[in-house]
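The values are calculated or read from the model by the stated rules, or taken from the named source; none is laboratory data. On a predicted model such as this, the values are computed, not experimentally measured, just so you know. Glycine gets a Cβ as well: all are built from the backbone with ideal geometry, and neighbour counts include every protein chain shown.
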Amino acid sequence: MPSNPLILSLFFSCIFFVSSSSATTTTDLSSFRLRRNGNRMIKDLNLHPSHGANIFKSNARSFDDELKVSELGLAEKQLSFPFKVLGDSGASVSDLAQHAGYYRIQHTIDARMFYFFFESRRAKADPVVIWLTGGPGCSSELALFYENGPFKLTSNLSLVWNDYGWDKVSNIIFVDQPTGTGFSYSSSDRDLRKDETGVSNDLYNFLQAFFKAHPEYVNNDFYITGESYAGHYIPAFASRVNQGNKNKEGIRINFKGFAIGNGLTHPEIQYQAYTDYALDNNIISKSDYNRINQKIPACQRAIKQCGTTGTSTCQSAYSVCQRIFEDILSVTDNINYYDIRKKCEGSLCYDFSGVESFLGKSSVKSALGVPSDIDFVSCSDTVYRSMLNDWMRDLAVGIPPLLDQGIELLVYAGEHDLICNWLGNSRWVHAMSWSRQKYFVEASNMSFLVDGKEAGVLKNHGPLTFLKVHDAGHMVPMDQPKASLKMLELWTTGRLTPAKQGAVAPL
Ligand SMILES: *[C@@H]1O[C@H](CO)[C@@H](O)[C@H](O)[C@H]1NC(C)=O
Ligand SMILES: *[C@@H]1O[C@H](CO)[C@@H](O)[C@H](O)[C@H]1NC(C)=O
């Protein structure tokens, strides 16, 4: 076992890239048996900004004057960039509003959650959707500017309207969480989250404040979406919303469904799928497959010990199991583990430095209402490390009661992603025990058609849908923007699966 499991976290994870070059990291790295991929990544780790998370030792309350937090705990402002967004929004809503804000998180010492809220370009009656990027510790602004937000960044850091932004069919919220991620901050490291209980309570409390401030959206359908490590956040948040509704806590959320894109939800099943996926896709040989497979039983035992509530056992499982992934990478020729068709080039396989430059501009921060002292942290290694007990826990266990209440779950996965591959996702979805599991398992595959062409293969029964998306890696909305928008639109209107088309009664 490596002396320090944290080291692996920097290399091999559902994290996109790690923006840290803290002294501790560098020291730990030198004691590690470096592999080819590792060496290159360390070079690339030298990213800006240099701090690990927005946790300040001084009291962040001094920012309150600048932020003008309201009674609701929200400090929100209408977005107005000091430049013109290029292209055509195509909006049919005449008073289209876009907001950025901070939520003063209840029951924390001093935490503020940063968010964007974009009203639908189509209709105010469209569903409210929240998006969560993974990491843990990566900012949702990565998705906003490279995947499904209203704008895309050009190479000269201008913004251009995204024709396939998810705000074309939904009122969408992007949040930076857990605390310390993106523009979210606190003065106390006791506000760093360690598990899904903390994460889901913060999100639930935010949602309550959000709907209090935007009562006109309370009756809209509400959906939770996200990607990668959000495969952990999403089921936990979904259960938290459901529990809040049942217990009549605060505002009733009109919660309809949750969607997980290339997520990590059930590690025991998903870690076992790595070698199978790698062999099926010819990125490892049969002899490598046999050799690496010998590590699976120890990983499975370790994950079982971790269970759903373990702590140090979960960190051990993490170290043991990451070796499977590490071994696969070590025999491949520099593949991009988010998209095996590509080489790993640029900062940890993709170059997303544009968003850091853009959100680092003082004019942009001021347009967003971000205090000038706060730097944008695209992926926080501090947040990541504080969540390590959480990584190997099984988050699928909470899902069956939600399905049995008719809450929709869509699990989708780009077929060329290795790290949270479709095979592992398909397996846990099939293995999940719920009242109509049998019918889901027996259901036949259907084509997901976009413009008359098959954009994916889907399987559905009742509230449960699995979709494998063609020609896409880890970030489906980046690789297949049109198909991903269609997916969201059809799913949130009950038309993703033909069987449901025109159905008069919900199943
Ligand atoms: C930035 O690039 C876009 C196209 O990508 C172009 O339309 C725009 O004029 C450029 N802006 C500047 C200031 O060069
Ligand atoms: C259904 O599709 C999956 C890929 O999403 C494939 O692995 C599986 O073999 C298909 N099942 C059948 C019965 O064709």
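Residues in region 282-307 that are of a type in the set (Val, Ile, Thr) and in a helix (DSSP H, G or I): Ile292, Ile296, Ile303.
State which residue pairs qualify: first residue among the charged types (D, E, K, R) and inside region 359-374, second residue assigned to a loop (DSSP other than H, G, I, E, B) and surrounded by 19 or more Cβ atoms within 10 Å (Cβ to Cβ) in any location, beta carbons under 6 Å apart, and separation of 6 or more residues or different chains. Sorted first by the residue in region 359-374, then by its partner, the list stays empty. The residues of region 467-488 that are surrounded by fewer than 23 Cβ atoms within 10 Å (Cβ to Cβ) and either under 30 Å from Arg436 (Cα atoms) or within 16 Å of ligand 1 (Cβ to nearest atom) (or both), listed by number, are Lys468, His470, Leu485, Lys486. Among the residues making up region 175-192, those that are crowded, with 20+ Cβ neighbours inside 10 Å and either of a type outside the set (Ser, Thr, Tyr) or within 16 Å of ligand 1 (Cβ to nearest atom) (or both) are Val175, Asp176, Gln177, Pro178, Gly180, Gly182, Phe183, Asp191, Leu192. Only a single item in (1) touching a residue at least 60 places away in the same chain (Cβ under 8 Å); (2) farther than 30 Å from Ala431 by Cα; (3) surrounded by fewer than 23 Cβ atoms within 10 Å (Cβ to Cβ) is not met by Val218, and it is number (1). Have a look at Ile419, Ile399 and point out the one that is among the β-branched types (Val, Ile, Thr) and closer than 22 Å to Met478 by Cβ. Just a single option satisfies the conditions, and that option is Ile419. Would you say Asn282 is more than 25 Å from the chain's Cα centre (by Cα) and loosely packed, with under 15 Cβ neighbours inside 10 Å? Criteria met by Asn282. Within region 435-464, residues that are more than 16 Å from Glu408 (Cα to Cα) have Cβ atoms under 6 Å from residues that are away from ligand 2 (no atom under 11 Å from the Cβ) and in a strand (DSSP E or B) in these pairs: Ala443/His461; Ser447/Glu454; Phe448/Ala455, counting only partners at least 6 apart in sequence or on another chain. Note on region 146-174: residues that are within 16 Å of ligand 1 (Cβ to nearest atom) and among the small types (Gly, Ala, Ser) amount to 2.
Those residues that are among the hydrophobic types (A, V, I, L, M, F, W, C) and either surrounded by 21 or more Cβ atoms within 10 Å (Cβ to Cβ) or within 14 Å of ligand 2 (Cβ to nearest atom) (or both), I need them from region 413-444; list them, please.
Residues satisfying the conditions are Ala413, Leu418, Ile419, Cys420, Trp422, Leu423, Trp428, Val429, Met432, Phe440, Val441, Ala443.
Among the residues of region 461-471, is any modelled with pLDDT of 95 or more, within 16 Å of ligand 2 (Cβ to nearest atom) and either part of a loop (DSSP other than H, G, I, E, B) or touching a Pro at 6+ places or on another chain (Cβ under 8 Å) (or both)?
Yes, region 461-471 contains at least one residue that is modelled with pLDDT of 95 or more, within 16 Å of ligand 2 (Cβ to nearest atom) and either part of a loop (DSSP other than H, G, I, E, B) or touching a Pro at 6+ places or on another chain (Cβ under 8 Å) (or both).
The residues on offer are Leu388, Leu410, Leu402, Leu359, and the sole one that is within 16 Å of ligand 2 (Cβ to nearest atom) and either not in a helix (DSSP H, G or I) or not small (Gly, Ala, Ser) (or both) is Leu410.
Check whether at least one residue in region 434-443 is closer than 22 Å to Ser239 by Cα, assigned to a helix (DSSP H, G or I) and away from ligand 1 (no atom under 16 Å from the Cβ), and report yes or no. The answer is yes, given that some residue of region 434-443 is closer than 22 Å to Ser239 by Cα, assigned to a helix (DSSP H, G or I) and away from ligand 1 (no atom under 16 Å from the Cβ).
The number of residues in region 91-107 being in contact with a Gly (Cβ under 9 Å, 6 or more places away or on another chain) and of a type in the set (Val, Ile, Thr) comes to 1. Beta carbons closer than 6 Å, at least 6 apart along the sequence or on distinct chains, pair a first residue in region 478-489 that is more than 14 Å from Gly414 (Cα to Cα) with a second that is assigned to a helix (DSSP H, G or I) and not aliphatic (A, V, I, L, M) for Leu488/Trp166. Return the residues of region 260-280 that are in a helix (DSSP H, G or I), β-branched (Val, Ile, Thr) and either within 29 Å of Leu144 (Cα to Cα) or touching a Lys or Arg at 6+ places or on another chain (Cβ under 7 Å) (or both); say none if nothing qualifies. Ile269 - this is the single residue of region 260-280 that is in a helix (DSSP H, G or I), β-branched (Val, Ile, Thr) and either within 29 Å of Leu144 (Cα to Cα) or touching a Lys or Arg at 6+ places or on another chain (Cβ under 7 Å) (or both).
None of Gly257, Gly250, Gly310 is surrounded by fewer than 18 Cβ atoms within 10 Å (Cβ to Cβ), of a type in the set (Gly, Ala, Ser) and outside any helix (DSSP H, G or I) except Gly250.
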